Amino acid sequence: MHRLPSHSALVRFRLSAWFFVLGLVFLIAGLGYLGYAVSIGQERHILIASGVIAAGVICLIVQWITSARARCPLCLTPSMAKKNCSKNRNARRLLGSYRLKVASSIILNGHFRCPYCNEPTVLEVRRRPNNGI
């Protein structure tokens with residue numbers, strides 16, 4: 001398994017994964033709650049649902065920013081960003097999304113497979129050889 005080059009890359013992958021999942025959860029919950037609020041006609045509930053949707057959009061914007069520099073250590077492609085590059089033929093999806101598969105694997109397992117090169121990467125910083133002393 002490949003390892004990440006620095007601690008900041010590790011943090012970027014974890015933040016990107018959490019913001020992606022939270023953004024999706026907020027958007028789905030907010031849209032469902034908005035449908036309910038519109039059906040009962042309560043303005044207060046509509047405002048709450050709009051706030052939840054706005055929080056989801058903000059999470060996805062932060063994810064977009066952090067995922068731009070979260071690159072696979074082998075192919076150097078941003079694994080959590082939506083690119084129009086061709087994916088590996090063995091790359092897996094979760095609910096139709098490559099990014100959701102990568103994010104859930106990062107959160108639950110501590111490693112992921114890049115959808116572009118299909119190489120496994122563990123969320124650890126690689127050790128640097130001690131060339132001195």
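Where a number appears in this text, it was derived from the coordinates with a stated rule and is not lab data. Note that the coordinates shown come from a computational prediction; the quantities given were computed from them, not determined experimentally. With ideal geometry, Cβ positions are generated from the backbone for all residues, glycine too; neighbour counts draw on all protein chains shown.
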How much length would be gained if the chain were fully extended between L100 and H45, taking 0.36 nm per residue of separation minus their Cα-Cα distance, in nm to one decimal?
16.9 nm
Rounded to the nearest angstrom and ordered from largest down, what semi-axes does the equivalent ellipsoid of the stretch 78-133 get from its C-alpha gyration tensor (root of 5λ)?
27, 13, 9
Helix-only mean residue ellipticity at 222 nm for the chain, each DSSP H run of n ≥ 4 adding -39500 (n - 2.57), per residue, nearest 500
-19000 deg cm²/dmol
Starting with the fewest neighbours, write out S16, S39 ranked by other beta-carbon atoms found within 10 Å of each beta-carbon.
S39, S16
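Please identify the longest segment of the chain free of exposed trypsin sites (Lys or Arg not before Pro), where exposed means a DSSP state other than H, G, I, E or B and no more than 16 other Cβ atoms within 10 Å. Don't jump to the answer; show the numbers that get you there.
Details: sites that count: R69, K82, K83, K87, R89, R92, R93, R126, R127.
Formally, the longest exposed-site-free interval is 1-68.
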Per the Debye formula with a single identical scatterer at each Cα and no solvent contribution, what log10 I(q)/I(0) holds for the chain at q = 0.17, 0.22 Å⁻¹?
-0.86, -1.20
Calculate the dipole size of the chain relative to its Cα centre from +1 charges on Lys and Arg beta carbons and -1 charges on Asp and Glu beta carbons; express the result in debye to the nearest 20.
640 debye
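Which whole-number percent gives the relative contact order of the chain, counting Cα pairs below 8 Å spaced six or more residues apart? Could you put the intermediate results ahead of the total?
On the way: 203 pairs, mean separation 44.6, N = 133.
Computed value for the chain: 34 percent relative contact order.
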Within the stretch 18-33: backbone nitrogen closer than 18 Å to the A54 label point (7 Å, Cα to C-beta)
23-24, 26-33
Antiparallel bridge percentage (DSSP; both residues within the chain; nearest 5):
60 percent
Long-range amide H contacts for E124: which residues qualify at under 5 Å (H placed 1.01 Å from N, peptide plane, sequence gap of 5 or more or a different chain)?
L4
